[in-house]
1. Among all the aspartates and glutamates, which ones have a C-alpha under 18 Å from Lys42's C-alpha, if same-chain residues fewer than 8 places away are not counted?
2. If you restrict to DSSP beta bridges whose two residues both lie in the chain, what percentage is antiparallel, to the nearest 5?
3. Scan [x] 36, 22, 18; [y] 33, 21, 19; [z] 33, 25, 19 for the value of semi-axes √(5λ) of the Cα gyration tensor in Å calculated from this model and give just the label.
4. Where does each of Ser69, Ser231 land when they are ranked from fewest to most other beta-carbon atoms within 10 angstrom?
5. Among the listed pairs Lys12/Lys233; Lys12/Lys182; Lys171/Lys285; Lys182/Lys266, which have their C-alpha atoms separated by more than 22 angstrom in this model?
6. Modelled label-to-label distance, Asp229 and Asn288, 7 Å Cα→beta-carbon offset: nm?
7. Can you pull the one-decimal nm distance between simple spin-label points at Glu166 and Asp56, each 7 Å off the Cα toward Cβ?
8. Could you sort 275-285, 256-266, 191-201, 166-176 so that the peptide with the highest average Cβ count within 10 Å comes first and the rest follow in order?
Amino acid sequence: MYPDFLGIGAQKAGTTWLHRNLQEHPQIWMPREKELHYFDEKMKLEGGLLTRLRSDRPADRRWRRQCASRFRHLPEKEFWKDLTWDLRYFFVPPNDKWYASLFEPGRGKITGETTPDYSILDTDTIKHVHNIMPQARIIFFMRNPIERPWSAADMGLRISGRSLEEVPDRKVYRQFNRRRVKLMTNYTRTLENWGAFYPEEQIFVGFLEDIHVAPVRLLRKLYRFLGVDPSVKYRVMTRKIHSGQQDTMPTRFAVYLAHTYLEDLKELHERFGGYASFWLYCAEKLVNDPPEEEQIPYPLWESQLWDEWEGSEDKTMVRSGPLSSLGTTS
């Protein structure tokens, strides 16, 4: 009963939007918990319940937060509906059999989960994923590399309750240069690692811009990719989710990230064109002719850069799709 698909990221690239919209399709079942973190964390855990209660490991801290959040609603009627699943998820030792059992409530439907940290799994772990679920469909959403690290930093500020003015620039640059942040933004590495085990026709690549430009068409492509009815109609969630505190981005940070990812963006432009070409256009403009203003509109599709790029590109063309068909206009 392994899931039929995995959403593997990238972090801050629309995965919450993806999870909530796919959950609404009557032929799809997904766990209430968006991120199961099995292959990146729980699969490697050692120790029993007592260890999890005391340990300072990130996976155990996350488990305690989730437990506290879930069981805080104990007196509510809705709590009891999924109690069996909750008890299994929180208190049964994790292994492959445990992971498969989490999808039993979706029997008869297409099942899946979304954990952005799967995008940075090493090849040995991806090989294990493929060994137990070789037919799985893989969904990977990408975001402009100039925006994604900034969005992650903005999320960190929100979680800590601080404003940007309270944080020295050097700490922001240090955050941008963390290994995890760079891995999360290395889309070529993710596609190479997962592509070493899954063929292109089993990998769907999405662009965050499509959530903004054409969310309904994007979802219909996803439905066809997952093998469910693409004609199903329901209220598509188009509002921003976890949109952050900012509607502008400090120009100095945008310029720094443009320099950092310029060579990566050239590769993505050559491979995908479309929105990746817009990303490269942004980077080259920021590197060669930085704006004089201290702040630029964010996300960048709401800036003058988008309007300039639109003159030479078809902004309305949907560019997300199965990796095997990208570059076509279907």
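A short reminder: the numbers here are calculations on the coordinates, not readings from a lab. Note that the structure is predicted; figures quoted are calculated from it, not measured. We place every Cβ from the backbone using ideal geometry, glycine too, and count neighbours over all the protein chains shown.
1. Glu33, Asp56, Asp60, Asp86, Asp96, Glu113, Asp117, Asp122, Asp124
2. Beta bridges within the chain, antiparallel portion: roughly 25 percent.
3. [z]
4. Ser231, Ser69
5. The answer is Lys12/Lys233; Lys171/Lys285.
6. Here the modelled spin labels are 5.1 nm apart.
7. It works out to 2.3 nm between the two label points.
8. The most tightly packed comes first, giving 275-285, 256-266, 191-201, 166-176.
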